[in-house]
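Engineer: If you scroll down you'll find the structure; I have some questions about it.
The values are calculated or read from the model by the stated rules, or taken from the named source; none is laboratory data. Being a predicted model, the structure only gives us computed values, none of them experimental. Positions of Cβ are backbone-derived with ideal geometry, glycine not excepted, and every protein chain shown enters the neighbour counts.
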Amino acid sequence: MAHLEFEKPLVELEARIRELKVYGVRESGFEGELGKLEQRVETLQREIYDQLTVWQKVQLSRHPDRPYFLDYIERIFDDVVELHGDRAFSDDPAIISGFARLDGRTVAIIGHQKGRTTKEKVRRNFGMAHPEGYRKAMRIMDLANRFRRPVLTFIDTPGAYPGIGAEERGQSEAIGMSLAVMAGLQVPIIATVIGEGGSGGALALGVANRVLMLEFATYSVITPEGCASILWRDGAEAPKAAQQLKLLATDVVKLGVVDEVIAEPRGGAHREPDEAARQLAATLKRHLGELEGLDPQALIDDRYAKFRAMGVTSDA
């Protein structure tokens, strides 16, 4: 397992425990030491993860072992059928889309995929979608709307790809159209921020009746590095920018941007991905059950009211 710098003492202890367990297959007398080390691990987990700084939580949202969309697909959904291409230019591997079953219901699933290996990261452009990715997503949304299937989106991107080719093919127009399409869908929409929720690239999949967020995910108009390069002309000031952006789950739920924060296993979803997926699946099923009772116009009105209420201030 990869680890962040502040996780190093914990990872070293866990490695020692694994060594003792392997050695203990052949030898006895290590039970006492093993028990002490396991207690120390529990204590160290509390000391580290209960006192994380904002920047450390941002790092957790980007952890190289953090579960990605494909990991959740494998653990949560059945009968998955992936659909490719935007029928206009090409397929964008940075966005995975298609249909699947969740607890017997057929749903549309759409989400960013960063890639695990170097080769896959390059192929999926580190989860930064091109215009064709968002147009593919809209194609699936339209199919879901026609066949009255709920739409579940999963957000995990530092932002939409800002390259010349993407701009030439209408990146901003594709994002804007995705916002408009989601606003008008007559089916339930649930968006979940599972890792990084960065800029318009995230919001393009985020206009939903319910917006959920994993505990150590982030959601912001810009990455901390991008913000720091603008405000202080120095990307190294990213930790300071992260504090100012209010991008943590605890911040955005207070602001009314997110409806519910989904608890992760201690230390983050990457430490127990099966448990993280179980929590996510249970939350999705609950919200989906609540939304399925609304008629098409009520779903649109609910979405409209939700986003119109954001940013409302009071003189009181």
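Engineer: Tell me whether the stretch 83-94 contains one or more residues that are within 20 Å of the chain's Cα centre (by Cα), in contact (Cβ under 8 Å) with a residue 12 or more places away in the chain and outside any loop (DSSP other than H, G, I, E, B). Let's see the steps before the verdict.
Structural biologist: Step one: list which residues in the stretch 83-94 are within 20 Å of the chain's Cα centre (by Cα), which gives 92-94.
Retained after the next criterion (residues that are in contact (Cβ under 8 Å) with a residue 12 or more places away in the chain): 92-94.
Now restrict to residues that are outside any loop (DSSP other than H, G, I, E, B): none.
Taking every residue of the stretch 83-94 in turn, none turns out to be within 20 Å of the chain's Cα centre (by Cα), in contact (Cβ under 8 Å) with a residue 12 or more places away in the chain and outside any loop (DSSP other than H, G, I, E, B).
Engineer: For Arg210, work out the one condition from (1) modelled with pLDDT of 95 or more; (2) within 26 Å of His63 (Cα to Cα); (3) more than 20 Å from the chain's Cα centre (by Cα) it doesn't fulfil.
Structural biologist: It is condition (3) that Arg210 fails.
Engineer: Restricting attention to the stretch 287-316, and to residues there that are surrounded by 10 or more Cβ atoms within 10 Å (Cβ to Cβ) and in a loop (DSSP other than H, G, I, E, B), which single residue is modelled with the lowest pLDDT?
Structural biologist: Glu292
Engineer: Considering each of Glu225, Glu167 in turn, give the residue that is in a helix (DSSP H, G or I) and farther than 23 Å from Leu255 by Cα.
Structural biologist: On the way: Glu225 fails: farther than 23 Å from Leu255 by Cα.
Being in a helix (DSSP H, G or I) and farther than 23 Å from Leu255 by Cα holds for just one of Glu225, Glu167, which is Glu167.
Engineer: Can you tell me which condition Ile48 does not meet? The list is (1) part of a loop (DSSP other than H, G, I, E, B); (2) closer than 28 Å to Arg266 by Cβ; (3) in contact (Cβ under 8 Å) with a residue 60 or more places away in the chain; (4) among the hydrophobic types (A, V, I, L, M, F, W, C), and all the others hold.
Structural biologist: In the conditions (1) part of a loop (DSSP other than H, G, I, E, B); (2) closer than 28 Å to Arg266 by Cβ; (3) in contact (Cβ under 8 Å) with a residue 60 or more places away in the chain; (4) among the hydrophobic types (A, V, I, L, M, F, W, C), Ile48 misses (1) alone.
Engineer: Okay, moving on. Any residue in the stretch 121-149 that's closer than 16 Å to Gly165 by Cβ: show its pairings with residues that are part of a helix (DSSP H, G or I) and among the β-branched types (Val, Ile, Thr) at Cβ separation under 7 Å, as long as the two are six or more apart or on different chains.
Structural biologist: Partner pairs satisfying both residue conditions: Tyr134/Ile175.
Engineer: Let me ask you something else. Quick one: is Ser97 touching a residue at least 24 places away in the same chain (Cβ under 8 Å), within 20 Å of Met177 (Cβ to Cβ) and in contact with a Lys or Arg (Cβ under 8 Å, 6 or more places away or on another chain)?
Structural biologist: Values: touching a residue at least 24 places away in the same chain (Cβ under 8 Å): yes; within 20 Å of Met177 (Cβ to Cβ): yes; in contact with a Lys or Arg (Cβ under 8 Å, 6 or more places away or on another chain): yes.
Judged against the criteria, Ser97 is a match.
Engineer: Give the residue, chosen from Glu173, Glu196, that is over 16 Å from Ile300 (Cβ atoms) and outside any strand (DSSP E or B). Write out each step before concluding.
Structural biologist: Working: Glu196 fails: outside any strand (DSSP E or B).
Of Glu173, Glu196, the one residue that is over 16 Å from Ile300 (Cβ atoms) and outside any strand (DSSP E or B) is Glu173.
Engineer: Just need a number here: residues in the stretch 213-256 that are touching a strand residue (DSSP E or B) at 6+ places or on another chain (Cβ under 9 Å) and on the phi > 0 side of the Ramachandran plot. If you could, list the steps in order and put the result at the bottom.
Structural biologist: Taking the stretch 213-256 first, the residues touching a strand residue (DSSP E or B) at 6+ places or on another chain (Cβ under 9 Å) are 213-224, 226-227, 242, 245-253.
Applying the additional criterion that residues be on the phi > 0 side of the Ramachandran plot yields 246.
The qualifying residues number 1.
Engineer: Right, here's the next one. Name the residue that is farthest from the chain's Cα centre (by Cα), counting only residues in the stretch 171-188 that are exposed (fewer than 14 other Cβ atoms within 10 Å of the Cβ) and over 17 Å from Arg308 (Cα atoms).
Structural biologist: Glu173
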